[in-house]
Each structure stands twice: as structure tokens, then as C-alpha cells.
1. Pairs of Cα atoms under 8 Å, at least six residues apart: use those to get the relative contact order of the range 3-131, whole percent.
2. If amide H atoms are built 1.01 Å from N in the plane of the peptide, which residues on other chains or at least 5 residues away come under 5 Å of the amide H of Phe49?
3. Would you calculate, for the chain, the mean residue ellipticity at 222 nm contributed by helices, counting each DSSP H stretch of 4 or more residues as -39,500 (n - 2.57) and dividing by all residues, to the nearest 500?
4. So what are the radius of gyration and Dmax for the Cα set of the chain, in Å?
5. Rounded to whole Hz and in sequence order, give me ³J(HN,Hα) for the range 118-123 from the Karplus expression 6.51 cos²θ - 1.76 cosθ + 1.60, θ = phi - 60°, writing x for Gly and Pro.
6. Would you work out the charge dipole size for the range 215-284 about its Cα centre, treating the Cβ of every Lys and Arg as +1 and the Cβ of every Asp and Glu as -1, and quote it to the nearest 20 debye?
7. Put a dot 7 Å past each Cα toward the Cβ at Ala60 and Ala238; how far apart are the dots in nm?
8. Please compute the net charge surrounding Ser244, taking Lys and Arg as +1 and Asp and Glu as -1 over other residues with Cβ under 15 Å from its Cβ.
Amino acid sequence: MDVLDGAERYLQLHGRLIDRLRFAALFRGGSRERVLDALRCYQNPDGGFGHALEPDLRGAGSQPEPVEVAFWILDELDAFDSPMVPAACDYLAGVTAPDGGVPFVLPSVRETLRAPWWETDDDPPGNLIPTASIAGLLHEHGITHPWLATATEFCWSRIADVKEISPYEARAIVTFLNLVPDRARAEAEFARLRGAILATVALDPDAPGEAHFPLDFAPEPLRLPLFEQDVLDTHLDALVAAQSAEGGWSPNFLMWTPVVEHEWSGYLTVARLNTLRAYGRLPA
């Protein structure tokens, strides 16, 4: 089975419209504007994103994490010139905690259907998830917005205090340190944290359960020296082998209601193809 043909068939059978359009734009010469049109449907009047763009958050209302999902889609399209970006930054400024970061999830999540891990306190603090990844992507694309300076200082301060890290925090930190413009400071923090970051990585490509593999941290080549090439090659081989008989890639975390399995799989299938192409495993 050809990798792209298989993925296309999987998406046609199971994928959301936005993920089918992403595939068409990135791999079949389709319209980038149609992807942006679809993405706009997930953006609310307050500038945030909802409507299950992040499949585990089923509510219509805005939350910080779907902004990160939207920004990764804009990143793959090189579409940070979209008016959706400043509107989302305005939203983030409005929900930023006093410490300068946006919370992992806002208390309004309690009013919606969602995965059981989306819980929070009444007055949640800022969190590196998703503040660090969002800030990194804005820096990568040269975006200027008042929120970004506040968020960047939050990330530096929080990263400086880090000693033990969860895998999702480690992935957010890697994104920020990989993309932030102050390279000397980023490299110094990376050198300090590299061991703690690697402790969260599953180097065995057959590791079961909710493992976090090298390509989750480095979906495209990093400027940070996190992994040796032989490690990346092993996991690229495993990624190719993990394509299902139906043509898609499935998540390795809990599927708590049936619809999210295909929604996540469609989103991840396009992301996996992006990774294979970034490392030269697909035609440019």
C-alpha cells in the first residue's frame, strides 16, 4: 500500500472535513484557503477556538488548548498571516492568569462534555501547556502581539524553576526552546534540562500504553541536539510500520468515547505524514 494513497483512503472513510482538506492542501495540491475556511468555523467571536477542534474538548466554548491545535494547523500551512492569529492572541490575553501564562484549562470546561482529565481549580494558574508551545509558534512566525512578551517571560520563569517534568510539559518546553529567538538562553536551559526531558521519552518504539516517542518531541528536525540520528531513524522506520491496514495512524492514549478515535486518528494521520516528509521519507 502506498503511504499517501492509504492515508487518503483512511481520511475519506473516517476523517473530519478539516483533516481531509489538510491532506489535500499538503499532499495533493489542494486549496490552502479551504483549510482556513474550515478552521475559521472552529473560531469563536471571542477569538478563541472550540467546537471539538481538540477532540477531547467537546464543547463549543473557547479554551486555551484548541488555540495550540489551530496554530499547529496554521504552522503546517505557513498561514500565520491569517487574521485568526491576532484574534486568538487577543483571546489569550483575556484569559491569561496573573502569573502571565494561560491555564491548562478554564473552569468553564465543567459546563461541557469532555474527557475526564480536563479538570481544573476555580482559579487556575498559568501552565506551560499550552503557553510554551503557543509562544514558540508565534516567535517562529515573527508575530508581534502584546500577549507574546508576557507569555515569553512566564515561560522563561517557569522553565528556570523546572526540575522534574511530565512528558507533555517536556514537549511544550522543547517546542518553546527550539523556536524562541534568544538562542543563547534557550541552549543554556536546554543543556540543563536535557536529561530530565530525555527521562520522559520512550526510546523503545514498541513501548506500550501512553508512551511519548522521539518523533512526538521532534516532529520535524530540531535545532536542539535532543536525539541522535540513529534514534530518529529507528523511530521513523517504526512510524512507517505503524500505518494501519486502513491507512491511518491511531493515538496511543485513552479513547473515552467512540467519535474521538477517528477524529484524533485523522488529525494525527496528517501530522504523521508531515513528519515523514520533514525527514525525507516522503516526496517533497
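1. On the way: 174 pairs, mean separation 24.6, N = 129.
Answer for the range 3-131 is 19 percent.
2. Here Asn44, Gln63, Val67 satisfy the definition.
3. It lands at -17000 deg cm²/dmol.
4. Both quantities, over Cα of the chain: 18.1, 52 Å.
5. Couplings: 8, 10, 7, 6, 5, 10 Hz.
6. It comes to approximately 200 debye.
7. 4.2 nm
8. On the way: positive: Arg9, Arg272; negative: Asp2, Asp5, Glu8, Glu246, Glu261.
Its environment carries a net charge of -3.
Throughout, read-outs are computed from the coordinates displayed, never taken from laboratory work. Bear in mind that the values here come from a model prediction, so they are computed numbers and not experimental data. Because the Cβ atoms are built from the backbone with ideal geometry, glycine has one as well, and the counts that use them run over all protein chains shown.
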